[in-house]
Amino acid sequence: MPEDHNREANKPSVPILALLRSRHALDALSRKSWIRERTTIAVNSVDMVEGTWLIREESGVRHRSEQGHAELFEINDRWYGVEGAPQSSGSHRLYPVRGEGLIELSRAEFKALPILIHFNGLALECEKQFAHDPRIATPTVEKALRVYELRRNG
């Protein structure tokens, strides 16, 4: 296949205007972070700016849409989605989906993680806060604690 055809096949159908948002970076999480039903975060070693530029330069492999993702691109063993449908006039921001260095969290896991970060790990205050939300059960806290350790250990 000629190189020009590959570039055209991997070209985003909409302009990618914004860099991957810092809300997906593990170091950027705080108690004020916006919580969605499912959120994928990137460990510190993932260069999301590079991923954005590679997709803009049509270096990523474009994949068919799946499970509500408008468009998917694969770069460096990581998959990224594009926010907004091609015909919309939205921002068309990128977000991490899955792959090396990316961790998908449920709403409860994502809610528990900033609390652990705020209190520097599992402390009595964390447990008091978790007790107020029945969705934050032991397995949820265990996963959030594993992700917290990744953040703490860099």
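Looking across the range 31-65 at every residue that is small (G, A, S) and at pLDDT 75 or above, the one that is surrounded by the fewest Cβ atoms within 10 Å (Cβ to Cβ) is identified as S45. The set of residues in the range 20-55 being under 15 Å from D77 (Cα atoms), over 13 Å from the mean Cα position of the chain (by Cα) and in a loop (DSSP other than H, G, I, E, B) consists of S45 alone. Sub-9 Å Cβ pairs linking a first residue in the range 113-140 that is without any contact (Cβ under 8 Å) to a residue 60 or more places away in the chain to a second residue that is part of a loop (DSSP other than H, G, I, E, B), at least 6 apart or interchain, are L116/L122; L116/A123; E125/F119; C126/F119; Q129/F119; Q129/I136; F130/I136; F130/A137, ordered by first then second residue.
Checking each residue in the range 121-149 for being closer than 17 Å to L29 by Cα, assigned to a loop (DSSP other than H, G, I, E, B) and out of contact with any Lys or Arg (no Cβ under 8 Å at 6 or more places or on another chain) picks out only L122.
Matching residues to (1) in contact with a strand residue (DSSP E or B) (Cβ under 7 Å, 6 or more places away or on another chain); (2) within 17 Å of R38 (Cβ to Cβ); (3) at pLDDT 90 or above:
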{"residue": "Q67", "(1), (2), (3)": "no, yes, no"}
{"residue": "F73", "(1), (2), (3)": "yes, no, no"}
{"residue": "R78", "(1), (2), (3)": "yes, yes, yes"}
{"residue": "H92", "(1), (2), (3)": "yes, no, no"}
{"residue": "A144", "(1), (2), (3)": "no, yes, yes"}
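The values are calculated or read from the model by the stated rules, or taken from the named source; none is laboratory data. Computed from a predicted model, the values in this text were never measured in an experiment. Cβ sites come from the backbone with ideal geometry, for glycine too, and all protein chains shown count toward neighbours.
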